[in-house]
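FYI, it's all coordinate maths here, none of it is from the lab. Nothing here was measured: the structure is a model prediction, and the numbers come from that model. Every residue, glycine among them, receives a Cβ derived from its backbone with ideal geometry; neighbour counts consider all protein chains shown.
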Amino acid sequence: MFRFVLVWCGLVGMPLADAGTAAEHLEIMDGKANAPTDTWFRFSAVTQEPGKSPREMTFEVQNQGEKRLVNFEGPSDMKGTRVLVLSRQQMWVYLPAYRKVRRVASHVKQQGFMGTTYSDEDMSTSRYGDSYNGEVVKETEASITLKLLPKPDTETGYGNLEIDLRTDLMLPSEIRYYNPEGQHVKTESRSEYDCAQSVCTPANMKMMDHTRNDAWTSLTVLERKVNQGISASMFSVRNLERGR
Amino acid sequence: MRQMLFAVMAGCLSASAMAADTDFSGWLQSDIRYRLHDVPAGAWYAPAGVSSGFERVETVLGGRLNAEGDGIIGFVDLQLVASGSRSNIGQIGDLGDRTQVDPVALEVNEAFFEVWDVGLQGLDLRIGHQLVQWGVGDQFNPTNNLNSDDLEDPLQFGKQLPNTMIRGDYALGPMWTLSGVFVPMFRPAMLPETSAIGMAFTDRMPVVEDDVRRQLQSEQALARDSFGYPTIVGSAKILDPAASLANGAGMVRLGGVLGSQDLALSWYSGRSDIPQPVGNHTRLVRAPLCHPDRPTECIKGYMVTEAELAFPRMHVAGLNVAGELDVLGWMGGSPLGWRLEAAWVVPERLNIAISNDELPIDPSLIQPAGEYDYGLGGERPTVIDDTPFAKWTLGLDYTLGKHVYLNTQWVHGMTDEFGAGDFIQPDYVTRAGDGDWEIRRLRLGDYLVLGSDIALGGATLRLFSLLDMTGYQTETADGSGGERNIVKHSAWSEDGFSAVLYPELMFNFGNGLTAGLGTVQLFGKAHTKFGDPAAGGDLVFVRGSYDF
């Protein structure tokens, strides 16, 4: 769920949309996403499934390049759970109940991460241009719609993605996810961009899963810090169990 | 006792007030279990089974405090266990004793401090009461021997007991870590309450040498059937290793990532935490007794044997690998998760000393006091051979759609199994026997573990099963001397089948509130692994917890 934080945090002042190709748009997006040395966020998450009570979580996310570390603070039964993502293929979780670090296998990456509507795969993509080829579907003054198709060597549960980019920020306002059969399975919206300290990030995000009766998870940024000079050793398997 | 948890926590909290960051969490758990059937064991003159009824009524209040300063962390995890089913009231006076009427125990799960970058960037030191949980296997971890097994609660299989240790970890870059642990004092495993039932099975002779074992069984049967003196175990004394430097344990481990696989190599030197018999002293007790319902069935007394148990030394070389196998790619499937945990164990040879007081069984048969004549040229019989052996778990897991998670493991050598003897280098243990027959099984069994989590909307159905694939065999004397007739019983036969079925329906109500309802069903005859009365019998349970 923190993928978007990295992917879509962009530097204000970068070149805005031009009549470029999809690959160029993607490159700008990815460049903005990975431009900050590091970022740190604390999120509040609410997941709502039809007919059930809403479930709330809080967690913090540290990012450096495509590496990230998530630390769950609540609810209490998830407290202390940590997730390390080094790449789309390298992901580990520390489970405090078992005092163990465990590698997360690819086959669970389409599952809802920690009960949310965001999947592990949704979390683990930091550079879309590395995994997808794009084409421009629609272009207006206010937005550009890109269709992304997985590259041949990309392992993904999605058949394609559609991204609506805001031309003023070159950041997405909506992403639509399609399964390999072409069925529209998820919609993600991002709003209220905060562009302080020359880095733009959405303050609110919402992922709706149409295969779960439109269950949704909404994320609100409670705090954020950028370019703190986080040590690279923070993003190690050893660090997952350090002090735990 | 109740005040103790809060006092300790408060003490830690005030001490940690100077620290940069403190964090507290707590939990309340209740667990009620009911044994569905009586579990009979032992002969009529020495019954040892357990009755149906509430097996456990337990409430736990736990707390965990983490105080983090500049490069140092203090961590405390304590719990108070109110065990309603454990009261041991015998006398009227006990009713005035709160510890008897309402027993509560304080358990220290962990209490340690950890210092980071000790004199060297990437070198961390952790000292105190702690758990070191290594091994990629799910609950079955033959390479993870630093902490002893906590087998007290079979539903928490895989749980371990904390111990005071010194642990150092040195980061060799972001992906590799070299670790070393020293355990000053040995701690034995905790066993299930029902494990004491095993003492009723005096026919499970632990002696490796066939001739000695069969002779002992014949003599035991003779004393019982011809002279009215059956053998019973009077006590089982644990020989706890002295708290010396020589009895400490240590382990080194190098772990990291190689491509898309996690890899770890380790070496452990210490002791097995499961005790093995090393001594047996028998005395004769005259105590005439007749069966309450069958007055002609009488005994004159008992051959009471006092057993001694010790913990064998061992060295363990460990290999852990975990990653993915792309075997389903041809059909569009995701890679399978896989893990291998293998231990090469070099055990210490253990012998058993068998002795007796003078045994005046009959005027015509008086066994003089002294050590048994084993007929082994002055050697004592073997209980554990020093032949190295391997234990391993090989696991696969996969997710079907969004609702079904599957996990399977092949386990070679259960936690309580120790010593060479498997399909690679056969050696057997006796599971039942008498003067002229035995039911035996390979010392290290093979088990198939199948588990799945099925998401059912608001609940999750967890199905767990454990199947003993080892098989058994009946060995009988053919009457012509020396030769034995062997009848094999496969894992699917009536005499060889043994399994556990453990389904649980789990509910997560959110905000830390969870509940579960389930049952543990044990299958197999009394001589089998899970049909053994010492396994405790079938249970139903309901439990809930609230984390705050």
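Quick look at the numbers
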item: Of B:Leu254, B:Leu36, B:Gly122, farthest towards positive along the dipole that unit charges on Lys, Arg, Asp, Glu beta carbons give chain B; result: B:Leu36
item: Crossing angle, helix B:2-15 versus chain B [Cα axis fit, 0-90 degrees, rounded to tens]; result: 40
item: Degrees, to the nearest 10: A:22-34 long Cα axis against longest axis of chain A; result: 40
item: Violating pairs (Cα-Cα greater than 32 angstrom) within the set B:Lys391/B:Lys525; A:Lys79/B:Lys525; A:Lys67/A:Lys151; result: A:Lys79/B:Lys525
item: Whole-Å distance, taken between Cα centres, linking the stretch B:101-175 and the stretch B:337-388; result: 34
item: Local electrostatic count at B:Val183 - Lys and Arg +1, Asp and Glu -1, tallied over other residues with Cβ under 13 Å; result: +3
item: Degrees, to the nearest 10: B:210-225 long Cα axis against longest axis of chain B; result: 60
item: Set of lysines with alpha-carbon distance to A:Lys206 below 17 Å, sequence-local pairs under 8 removed; result: A:Lys186
item: B:Glu371 paired with B:Glu107, simple spin-label distance in nm, labels 7 Å along Cα-to-beta-carbon; result: 4.2
item: Neighbour-count order for A:Glu27, B:Glu494, fewest beta carbons within 10 angstrom listed first; result: B:Glu494, A:Glu27
item: Mean Cβ count within 10 Å, highest first, over the residues of peptides B:70-78, B:136-144, B:294-302; result: B:136-144, B:70-78, B:294-302
item: Difference of contour (0.36 nm per residue) and Cα-Cα distance, B:Phe423 to B:Asp326; result: 31.9 nm
item: Hits among lysines - C-alpha to C-alpha of B:Lys300 under 29 Å, sequence gap 8 or more where chains match; result: B:Lys237
item: B:Leu258 versus B:Leu120: modelled label distance in nm, points set 7 Å from Cα along the beta carbon direction; result: 2.3
item: Relative contact order of the stretch B:421-548, defined on C-alpha pairs under 8 angstrom at six or more residues apart (%); result: 18
item: Selected from B:Trp134, B:Pro426, B:Asn351, residue furthest toward positive end of dipole (chain B; charges at beta carbon); result: B:Trp134
item: Alpha-carbon Rg with Dmax, taken over the protein assembly as shown, Å; result: 30.9, 113
item: Residue mean of other protein chain beta carbons inside 10 Å, A:71-77; result: 5
item: Order of B:Leu289, B:Leu245, A:Leu86 - criterion: other Cβ atoms within 10 Å of each residue's Cβ, fewest first; result: B:Leu245, B:Leu289, A:Leu86
item: Net charge dipole size for the stretch B:428-526 [Lys, Arg +1 and Asp, Glu -1 on Cβ; Debye, nearest 20]; result: 300
